[in-house]
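Structure, as structure tokens:
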Amino acid sequence: MATRTGLEIAGVTLVHGDGESTVTALDDVSLTVAAGEFVAVVGPSGSGKSSLLAVAGGLITPDSGRVRIGDTDLTGLSARRLAEVRRTRIGFVFRSGNLLPSLTAVDQLRLPLTLGRVARPRDPMELLADVGMTHRAHRPDKLSGGERQRVGIARALMTSPDLLLVDEPTAALDRHRSQEVVALLAHEAHANGVATVMVTHDHDVLSHCGTVYRMMDGILEVATD
Ligand SMILES: Nc1ncnc2c1ncn2[C@@H]1O[C@H](COP(=O)(O)OP(=O)(O)OP(=O)(O)O)[C@@H](O)[C@H]1O
């Protein structure tokens, strides 16, 4: 059986700024992540990791190259179609959960379903159980950092996305919670067949990932150490 492709980035270049002060944030970057595959991207500050997530997530259109999610080519889509792809096909997980302070855990998960039609909605209670969350009626101020991340991960999976983009998920967590959260991401990626790209500075969690890539001055390569 052919492996389903979740994300395909081919020959992407992205230049920030204009005139004399330009920065090549992505320099002919290619990356393919299959459905269910969990990859990590490491690299120093300013090397282009956030730019890679922004391009993969359809937030920035690259200057050249191609970005595909499943069978959809993002290059050339209208802003409206791109927003629709972001809402229905891509899940975003942020550094510290990015939860809305006034909503309970279960309502954070219901939110993505209120923003428009979703072809394959998940059941919020089931998904919270999946990520090991029992405090379903708690608001974020009553949750630990690890629990907030669990809710953030579950929220990102509500639309059954093809692609999960994860930015520094352990930035606010201690070592033990970091391991738990990244193990959970690995489990969800495999169990749901979602291509997952995680940017991290935390080398302790890399054993949970498949391929580890290193970004350096906008160039992406497989990390060899
Ligand atoms: N909007 C922008 N305008 C101009 N330059 C930018 C812009 N965004 C990023 N850059 C530059 O592009 C390069 C890559 O930045 P990027 O944020 O992708 O790096 P990063 O690896 O994610 O860094 P960090 O680990 O600190 O988040 C840097 O030199 C940065 O200064």
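The values are calculated or read from the model by the stated rules, or taken from the named source; none is laboratory data. Quantities reported herein were computed from a predicted structural model and do not represent experimental measurements. Here the Cβ positions follow ideal geometry from the backbone for every residue, glycine too, while neighbour counts run over all protein chains shown.
What about GLY70, is it without any contact (Cβ under 8 Å) to a residue 12 or more places away in the chain and either in contact with a Lys or Arg (Cβ under 9 Å, 6 or more places away or on another chain) or within 16 Å of the ligand (Cβ to nearest atom) (or both)?
Criteria not met by GLY70.
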Would you check which residues across segment 36-49 are outside any strand (DSSP E or B), more than 9 Å from the ligand (Cβ to nearest atom) and crowded, with 19+ Cβ neighbours inside 10 Å and list them? GLU37
Of everything in segment 147-166, what is more than 16 Å from ARG122 (Cα to Cα) and at pLDDT 95 or above? Give them in sequence order. LEU165, VAL166
Pairs returned, first residue in segment 172-184 that is over 13 Å from ARG148 (Cα atoms), second residue that is assigned to a helix (DSSP H, G or I), beta-carbon separation under 6 angstrom, 6 or more apart or interchain, are VAL182/VAL205; VAL182/HIS208; ALA183/HIS208
Log entry, pairs with first residue in segment 83-95 being surrounded by fewer than 18 Cβ atoms within 10 Å (Cβ to Cβ), second being assigned to a helix (DSSP H, G or I), beta carbons closer than 8 Å, six or more apart or on different chains, reads ARG87/PRO112; PHE94/GLY152
Conditions (1) outside any loop (DSSP other than H, G, I, E, B); (2) over 21 Å from ALA56 (Cβ atoms); (3) at pLDDT below 90: number failed by GLU126: (3)
Exactly one condition in (1) within 14 Å of THR159 (Cβ to Cβ); (2) part of a helix (DSSP H, G or I) is false for LEU52; which is it? (1)
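Does ARG86 satisfy being charged (D, E, K, R), in a helix (DSSP H, G or I) and either closer than 22 Å to ALA54 by Cα or over 18 Å from the mean Cα position of the chain (by Cα) (or both)?
Yes, satisfied.
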